[in-house]
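Okay, so here's the structure we're looking at.
The values are calculated or read from the model by the stated rules, or taken from the named source; none is laboratory data. What you see is a predicted model; the values in this text were computed from it and never measured. When we count neighbours, we look across all protein chains shown, and the Cβ atoms used for this are built from the backbone with ideal geometry, even at glycine.
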Amino acid sequence: MPANRFNGFTDYGIGIGLRIPHYDHILTKKPVVDWFEIISENFMIDAGRPLRVLDQILDQYRVVQHGVSMYFGSADPLSREHLRRLKTLVKRTKTPWLSDHLCWGSVDGTYTHDLLPMPYTFEAARLTARKIREVRDYLEVPVCVENVSSYAEYHVSEMTEWEFLTEVAEAADCGILLDVNNIYVSSFNHRFNPMDYVENVPHHRVAQIHIAGHSKYRKYVLDTHDHPVIDPVWKLYEAAIRRCGPTATLLEWDDHIPSFEEVHAEALKAERFLRTVADSRAASVAAAKGQLVLP
Ligand SMILES: [Fe+2]
């Protein structure tokens with residue numbers, strides 16, 4: 001782990017999203033998995049089977065919470081009831097950090113249930129950072145913001161998306177969940193170089209990386225999480241871990257979900273890139289010391 005890793009975020013290895021079709025397989029076969037990511041909103045209930053399953057998973061695996069409805073970028077105040085329920089779950093899972101998206105999705109209490117892109121302005125960054133700090137202080141757990149995939153941009157934007165993400169993360173003093181598939185999707189739709197994004201985020205704040213598949217259409221790319229990861233996204237992943245160091249990595253697969261083994265095997269492809277990066281780091285350290293590294 002790089003010495004400059006922000007806030008003690010630990011590399012937990014390679015995880016996959018916990019999804020209902022895999023419950024029985026996981027509970028009966030007990031596969032070796034580094035960690036699972038859960039969607040917090042699926043477990044913010046008082047009782048029932050989801051919580052019983054979660055408790056069994058928690059007995060054997062590390063679980064990290066990921067949310068889809070905090071809407072850090074909405075002008076609406078935070079929902080106290082949502083935060084109260086979320087805190088109950090945070091205590092249950094002992095999640096080492098909690099992530100949600102850098103987006104907006106509600107107006108005057110009406111929710112879109114979509115992760116809508118933000119105008120990249122300094123004012124929006126300031127307000128968003130204030131809400132992230134509020135959430136972290138209330139939940140008493142480190143918070144990471146995730147870049148979303150997008151299909152629209154605003155004329156009022158004053159900076160690039162990666163500058164906006166940086167502005168928010170620095171002002172909030174929070175972590176980043178870097179979704180390299182989302183970077184690819186947005187770079188295709190908005191015609192920017194995805195490597196510029198990966199190179200220019202504050203690497204020491206990246207606590208976690210998302211990888212996923214998407215669907216390609218003639219004029220745009222849609223973030224569907226229903227395919228294997230494509231090579232250009234693996235290239236972005238490799239570039240990200242070269243700069244951030246080995247980082248907790250999570251494969252998202254949310255639609256047309258194949259067998260547990262297939263999803264896990266796709267996630268474990270990340271190992272090849274982690275090894276390459278580790279080898280080249282060892283080689284450059286050895287070169288700096290004037291030693292010869294044998295293959
Ligand atoms: Fe993601």
> Would region 89-104 turn up any residue that is in contact with a Phe, Trp or Tyr (Cβ under 6 Å, 6 or more places away or on another chain), buried (at least 21 other Cβ atoms within 10 Å of the Cβ) and not hydrophobic (A, V, I, L, M, F, W, C)?
Replying inline: no
> Restricting the search to region 255-295, which residues are of a type outside the set (Val, Ile, Thr), closer than 24 Å to Pro96 by Cα and surrounded by 14 or more Cβ atoms within 10 Å (Cβ to Cβ)?
Replying inline: His264, Ala267, Leu268, Ala270, Leu274
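Residues checked against (1) modelled with pLDDT of 95 or more; (2) in contact with a strand residue (DSSP E or B) (Cβ under 9 Å, 6 or more places away or on another chain); (3) more than 16 Å from the ligand (Cβ to nearest atom); (4) under 20 Å from Glu140 (Cα atoms):
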position	(1), (2), (3), (4)
Leu27	yes, no, yes, no
Val33	yes, yes, yes, no
Val53	yes, no, yes, no
Arg84	yes, no, yes, yes
> Are any of the residues in region 30-46 in contact with an Asp or Glu (Cβ under 6 Å, 6 or more places away or on another chain), farther than 17 Å from Glu252 by Cβ and not charged (D, E, K, R)?
Replying inline: no
> With Ala278, Ala283, Ala240, Ala265 as the choices, which residue is assigned to a helix (DSSP H, G or I) and touching a residue at least 60 places away in the same chain (Cβ under 8 Å)?
Replying inline: Ala240
> Name the residues in region 60-77 that are surrounded by fewer than 21 Cβ atoms within 10 Å (Cβ to Cβ), over 28 Å from Thr249 (Cβ atoms) and in contact with a Phe, Trp or Tyr (Cβ under 8 Å, 6 or more places away or on another chain), would you?
Replying inline: Ala75
> Where in region 100-213 are there strands (runs of 3 or more DSSP E), lying wholly inside it, with at least 1 residues that are of a type in the set (Phe, Trp, Tyr) and farther than 21 Å from Leu236 by Cα?
Replying inline: 104-107, 110-116
>> If I go through region 146-187 residue by residue, how many of them are closer than 21 Å to Thr247 by Cα, within 15 Å of the ligand (Cβ to nearest atom) and touching a helix residue (DSSP H, G or I) at 6+ places or on another chain (Cβ under 7 Å)?
In response: 10
> Which numbered condition trips up Asp179, out of (1) within 23 Å of Ser74 (Cα to Cα); (2) of a type in the set (D, E, K, R); (3) surrounded by fewer than 18 Cβ atoms within 10 Å (Cβ to Cβ)?
Replying inline: (3)
